[in-house]
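No lab work stands behind these numbers, since they all come straight from the coordinates. None of the values given here were measured: they were computed from a predicted structure. Here Cβ is always computed from backbone atoms with ideal geometry, including for glycine, and neighbour counts include all displayed protein chains.
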Amino acid sequence: MYARRVTAALAVSGLAKRYGAVEALRGVDLEVGEGELVGLLGPNGAGKSTLVKIACGLVRPSAGHAEVCGARAGSREARAAIGYLAEFFRFPGWTSADELLGLHQRLTSSDGGERERADLLELVGLDDARERRVEEMSKGMQQRLGIAQALVRSPRLLLLDEPTSALDPVGRRTVRTLLEELRRRGISVLLNSHLLSEVELVCDRVVILLAGKVVSAGAPGELARPRGVEIETDAGTRRYADAGRDDIPALVAELVRDGRSVYGARVLTSTLEEVYVEAVGGESR
C-alpha cells in the first residue's frame with residue numbers, strides 16, 4: 001500500500017523577481033502545508049507583498065517556481081484554490097454583509113447560495129449583522145467580513161495581509177480564534193503581519209524575509225534561544241544567565257540551604273520579537 005502524497009497548499013522554489021535594477025525576491029524557498037498556519041515576517045521592502053502577488057497570479061516571477069495546491073500560480077486551478085484579503089481593502093459602504101458576500105459568490109462562480117453566506121457570517125461572528133451596511137460597521141466587523149469574503153467557495157489556501165493591524169486587543173483575539181478554527185478545518189493560511197506577538201501565538205511556523213531572501217524559518221519555539229533561568233526568592237529575583245532547565249533543582253536546593261524561601265522558577269527564552277530583530281539586524285525600511 002502506498003502512502004497518500006499530500007500536496008502543499010503553497011510551494012515556492014528558487015523564486016526570484018526583478019523590477020529593473022531592484023531585486024525584490026532572490027531565490028526564496030517556502031512551503032505552506034495542508035492545514036498549516038504560517039506567518040510571513042519582514043521589514044518593509046523585504047519582498048513579502050511581491051511573494052503574495054506571485055502566489056495570487058498578479059505578478060510573474062523572473063525565475064523559480066510557485067505552485068498552489070499543485071497548480072502553477074496564476075493558473076485557473078490555482079486561482080480557484082485561493083482566498084485573499086488585502087491590507088487596505090475597501091468594500092462599498094452601501095452594501096450589506098449579505099449583499100457583499102453575494103457579490104463575491106458571483107465573482108468566484110460559487111453555487112453556495114444563501115446557505116454558504118449564512119455559514120460564513122456565523123463563522124466570523126456576524127450572523128446578527130447580515131443586513132447591516134458596511135459603512136455602519138466597526139473596523140473589526142469589516143475585518144471579519146473581509147475574511148468571510150475571502151472564504152467564499154471554500155478555498156484551500158487563505159492569504160491574509162495584516163488582518164489585525166487596526167484592531168483593538170478584543171478584535172485581535174476574535175480574529176486569532178477565527179484563524180485557529182480555520183486551521184482546525186484544514187484550511188492553510190499564509191499570514192503577513194507586523195504584530196509579532198499575534199504571529200507567535202497563532203502560527204505553526206514563521207518565515208522571516210530580508211532583502212528578498214529567507215533569513216530565518218521554523219516554529220516559534222524552535223527559533224527561540226535560551227536566556228538563562230530566573231528564580232524568585234524572599235530576597236528578590238535572581239537571574240542565572242548560563243543556566244538551563246536541568247540546573248533549576250540544584251539552584252533551588254542551594255538557595256534553600258542558604259536560608260532563602262523560593263516562590264517560583266522559570267526558564268527564560270527569547271521572544272519572537274527578539275528573534276526577528278536579530279534576523280533582520282534592526283532593519284526597518
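Between residue 162 and residue 65, 0.36 nm times their residue separation minus their Cα-Cα distance comes to what? Walk me through the numbers on the way to the answer.
Working: separation 97, 0.36 × 97 = 34.92 nm, distance 2.50 nm.
The span from residue 162 to residue 65 would gain 32.4 nm if fully extended.
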Original post:
For the range 225-231, what does the Karplus curve 6.51 cos²θ - 1.76 cosθ + 1.60, with θ = phi - 60°, yield as ³J(HN,Hα) per residue in whole Hz, taken in order and with x for Gly and Pro?
Top reply: 10, x, 10, x, 10, 10, 10
Original post:
Can you run phi through the Karplus equation (6.51, -1.76, 1.60; θ = phi - 60°) for the range 120-134 and list ³J(HN,Hα) in whole Hz, with x for Gly and Pro?
Top reply: 5, 5, 5, 4, 8, x, 10, 5, 8, 10, 4, 9, 6, 6, 4
Original post:
What is the distance, in nm, between label points placed 7 Å from the Cα along the Cα-to-Cβ direction at residue 21 and at residue 95?
Top reply: 4.2
Original post:
Projected onto the charge dipole of the range 226-269 (+1 at Lys/Arg Cβ, -1 at Asp/Glu Cβ, origin at the Cα centre), which of 231, 256, 269 gives the Cα projection farthest towards the positive end?
Top reply: 269
**OP:** Could you count how many Lys pairs in the chain have their Cα atoms under 19 Å apart, skipping same-chain pairs fewer than 8 positions apart?
**Re:** 5
Original post:
Which value in nm describes the separation of the simple spin-label points at residue 110 and residue 127, placed 7 Å from the Cα toward the beta carbon?
Top reply: 1.7
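Can you compute the FRET efficiency between residue 201 and residue 258 using 1/(1 + (r/R0)^6), with r the Cβ-Cβ distance and R0 = 41 Å? Round to the nearest 0.05.
0.60
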Subject >> Low-density loop positions, GluC sites (Glu not before Pro), the range 130-229 - DSSP coil, at most 16 other Cβ in 10 Å >> reply: 131
**OP:** Show the residues, 5+ positions off or on another chain, whose built amide H is closer than 5 Å to the amide H of residue 74.
**Re:** 57, 79
Original post:
If you keep only loop residues by DSSP, which chymotrypsin sites (Phe, Trp or Tyr not before Pro) in the range 1-94 have at most 14 other Cβ atoms within 10 Å of their Cβ?
Top reply: 2, 88, 94
Original post:
Summing -39500 (n - 2.57) over the DSSP H runs of n ≥ 4 in the chain and dividing by its residue number, what mean residue ellipticity at 222 nm do you reach, to the nearest 500 deg cm²/dmol?
Top reply: -9500 deg cm²/dmol
**OP:** Would you pull out the residues with amide H under 5 Å of residue 83's amide H, same chain only if 5 or more places away, H placed 1.01 Å from N?
**Re:** 157, 158, 159
Original post:
Order of 167-176, 182-191 by packing, highest average Cβ count within 10 Å first?
Top reply: 182-191, 167-176
Original post:
Expressed as a whole number of Å, what is the distance separating the alpha-carbon centroids of the range 46-93 and the range 217-250?
Top reply: 42
**OP:** Find how much the distance from residue 250 to residue 185 grows on full extension, using 0.36 nm per residue of separation minus their present alpha carbon separation; answer in nm with one decimal.
**Re:** 18.9 nm
Subject >> Inter-site label distance for residue 237 and residue 29 at 7 Å from Cα along Cβ, in nm >> reply: 4.0
**OP:** Quick one: which residues, 5 or more positions from residue 228 or on another chain, have an amide H under 5 Å from its amide H? H modelled 1.01 Å from N in the peptide plane, none for Pro or chain starts.
**Re:** 268
Subject >> Surface/4 of the Cα convex hull for the chain, nm² >> reply: 20.6
